[in-house]
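*Asks:* Got a structure here, written out as structure tokens. Questions coming.
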Amino acid sequence: MTTTHPFNFDSWSTYLQQQESKPIQWGKGHDHLEHPLYDAKIFDLIKAFEQSDYFDQNFARTLMQKGFSEQISEADIREIINETTDFFTLRAITSLIIYNERHIEGLWAAMIENGLLNRLLVKLNTQTPDGYPIW
């Protein structure tokens, strides 16, 4: 597979497996509100994915084209992981999760703790077409 901006699925899967079922702590910030206290490796993972060819910057449009809305529940994500083999749907769903921590604080924590982020990345990796990305 030729990639311009690769993502190391195996390394991140190992890390996420170690984090699964470990609660991510929350603490008060300067604003006196509770926020997830992510370790630096989580931010490294997010940055690596966002900078890779796997991040779909147009995930909202992709999801709309595939018949999904941006309002996707955990149950929907589980069903998608179990039933879809469509690379572009998996890519868009993963990108939605990566991006939406900005709007739904604690989303990464939930997706990491319940193993869904890892399962999505594993499924995305297995469904990547030969020769992706095609330039």
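*Asks:* Taking the condition of being surrounded by 13 or more Cβ atoms within 10 Å (Cβ to Cβ) and in a helix (DSSP H, G or I), how many residues in the stretch 30-57 meet it?
*Replies:* The total comes to 7.
*Asks:* OK, next. Is one or more of the residues making up the stretch 20-28 modelled with pLDDT under 95, open to solvent by 10 Å² or more (accessible area, probe 1.4 Å) and in a helix (DSSP H, G or I)?
*Replies:* No, the conditions are met nowhere in the stretch 20-28.
*Asks:* Scanning the stretch 58-107 for residues that are among the hydroxyl-bearing types (Ser, Thr, Tyr) and assigned to a helix (DSSP H, G or I), which turns out most open to solvent (accessible area, probe 1.4 Å)?
*Replies:* Only one residue fits best here, namely Tyr99.
*Asks:* When only residues in the stretch 108-133 that are touching a Ser or Thr at 6+ places or on another chain (Cβ under 7 Å) and open to solvent by 40 Å² or more (accessible area, probe 1.4 Å) count, which is nearest to Ile42 (Cα to Cα)?
*Replies:* Glu113
*Asks:* Now for a separate question. (1) of a type outside the set (S, T, N, Q); (2) at pLDDT below 95; (3) more than 27 Å from Pro133 (Cα to Cα): which one isn't true of Leu107, the others all being true?
*Replies:* The single condition Leu107 does not satisfy is (2).
*Asks:* Could you list, in sequence order, the residues of the stretch 29-60 that are under 21 Å from Ile104 (Cα atoms) and either in contact with a strand residue (DSSP E or B) (Cβ under 6 Å, 6 or more places away or on another chain) or among the acidic types (Asp, Glu) (or both)?
*Replies:* Selection gives Gly29, Asp31, Glu34, Pro36, Leu37, Asp39, Asp44, Glu50, Asp56.
*Asks:* Kindly list, by first and then second residue, each pair from a residue in the stretch 6-35 that is among the polar types (S, T, N, Q) to a residue that is open to solvent by 80 Å² or more (accessible area, probe 1.4 Å), limited to pairs with Cβ atoms under 7 Å and residues at least 6 apart or on different chains.
*Replies:* Pairs found: Gln25/Leu37.
The values are calculated or read from the model by the stated rules, or taken from the named source; none is laboratory data. What you are looking at is a predicted structure, and each value in this text was computed from that prediction instead of being measured. Cβ: placed from backbone, ideal geometry, glycine included. Neighbour counts: every protein chain shown. Ligands, DNA and RNA are stripped out before the accessible areas are found, and what is left, the full protein with its side chains, is counted by its heavy atoms. Shrake-Rupley method; radii C 1.70, N 1.55, O 1.52, S 1.80 Å.
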